[in-house]
Amino acid sequence: MSQNTPARRRLRRALRPHISRTQLLVGLLCLVLGFGLATQVHANREESEFAAARQDELVGILDTLSQRSDRLRAEIQSLEQTRAELEQDTRGEAAVAEARRRASTYAVLAGTVPVTGPGIELVVNDPGGKVTASMLLDTLQELRDAGAEAVQIGGVRAIASTYFRDASGRGIVVDGQRLFPPYRLLVIGDPHTLSTALDIPGGIMESLRSAGAEGVVTQREEIRITAVRAAASPQYARATRDGDRKNN
């Protein structure tokens, strides 16, 4: 007897799933709504930290961002003024003055000269030895983002190449020098901006408290940074003139 009778064919067609245009449209709408919901949840998670912040904390964050913007605008104006002076200079005096100014700036950034100015003193008390090298690195980066122009950690002058690593036992190694708590940081920059940046929600101070440590900030009109670094000569890099530049 044949297995492919008309009755069996009708039964298979009846059992075969059929997807209508309406069902496809409903499915696509569900997919879009699900994606939108997931995106909103992700955004809410990112904003929840600031949504829980107090009004004075939010004002402090906005104030910090505003001061950073003001610094950038001032730097742009200074560079534009320097360019105009150099373009109008006929005797080379402006170029010499600019070269001296840049040499002084680079000496500060490279840590080869002592510096003084307004800023803060940050003392990190760590009775339980829970502060890690990465936490001190985050602190340094946060201070730089807030406009720190010079930083001394213990007896070490922090520069662009400064590194941190956890020491065996107790303490943290900074540029080869082992430091023990309490860690003392001297920072030159705008005192209010630096203090505010450290105490934003989810920031450095909160991380220290979560680890059982404590950060104490003192704003000062004058901070003296005496630690210096020896000037290092580059091994591979060399300065180029405009005429030496080549496109890859």
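The values are calculated or read from the model by the stated rules, or taken from the named source; none is laboratory data. Note that the coordinates shown come from a computational prediction; the quantities given were computed from them, not determined experimentally. Methodologically, a virtual Cβ is constructed for each residue, glycine included, from the backbone with ideal geometry; neighbour enumeration extends over all protein chains shown.
Is there a residue in segment 103-110 that is surrounded by 12 or more Cβ atoms within 10 Å (Cβ to Cβ) and modelled with pLDDT under 70?
no
Out of all the residues in segment 97-125, which are of a type in the set (Gly, Ala, Ser) and not in a loop (DSSP other than H, G, I, E, B)? Before the answer, list the steps.
Taking segment 97-125 and keeping what is of a type in the set (Gly, Ala, Ser), we get 97, 99, 103-104, 107, 110-111, 117, 119.
Within segment 97-125, ALA97, ALA99, ALA103, SER104, ALA107, ALA110, GLY117, GLY119 qualify.
Mind checking whether some residue in segment 111-120 is farther than 28 Å from GLU80 by Cα and touching a residue at least 40 places away in the same chain (Cβ under 8 Å)? First the steps, then the outcome.
Taking segment 111-120 and keeping what is farther than 28 Å from GLU80 by Cα, we get 114, 120.
Keeping just the survivors that are touching a residue at least 40 places away in the same chain (Cβ under 8 Å) gives 114, 120.
Checked against the condition, which is being farther than 28 Å from GLU80 by Cα and touching a residue at least 40 places away in the same chain (Cβ under 8 Å), segment 111-120 yields at least one hit.
How many of the residues in segment 152-194 are assigned to a helix (DSSP H, G or I) and out of contact with any Leu (no Cβ under 9 Å at 6 or more places or on another chain)? Lay out the reasoning, then the answer.
Taking segment 152-194 first, the residues assigned to a helix (DSSP H, G or I) are 191-194.
So of that shortlist, the ones also out of contact with any Leu (no Cβ under 9 Å at 6 or more places or on another chain) come out as 191-193.
Going through segment 152-194 one residue at a time, the tally reaches 3.
What's the total number of residues in segment 126-151 that are exposed (fewer than 15 other Cβ atoms within 10 Å of the Cβ) and not in a loop (DSSP other than H, G, I, E, B)?
Looking only at that region, the number is 3.
Looking at ARG209, ARG184, ARG224, ARG170, which is the one that is touching a residue at least 40 places away in the same chain (Cβ under 8 Å), loosely packed, with under 14 Cβ neighbours inside 10 Å, closer than 16 Å to ASP126 by Cα and not hydroxyl-bearing (Ser, Thr, Tyr)? Spell out the reasoning first.
Working: ARG209 fails: touching a residue at least 40 places away in the same chain (Cβ under 8 Å); ARG184 fails: loosely packed, with under 14 Cβ neighbours inside 10 Å; ARG224 fails: closer than 16 Å to ASP126 by Cα.
When all the criteria are applied, what remains is ARG170.
When THR218 is evaluated against the numbered criteria (1) out of contact with any helix residue (DSSP H, G or I) (no Cβ under 8 Å at 6 or more places or on another chain); (2) among the β-branched types (Val, Ile, Thr); (3) free of Cβ contacts under 8 Å to residues at least 40 places away in the same chain; (4) under 30 Å from SER66 (Cα atoms), which criterion, by number, is the only one it fails?
So THR218 meets the others, but not (3).
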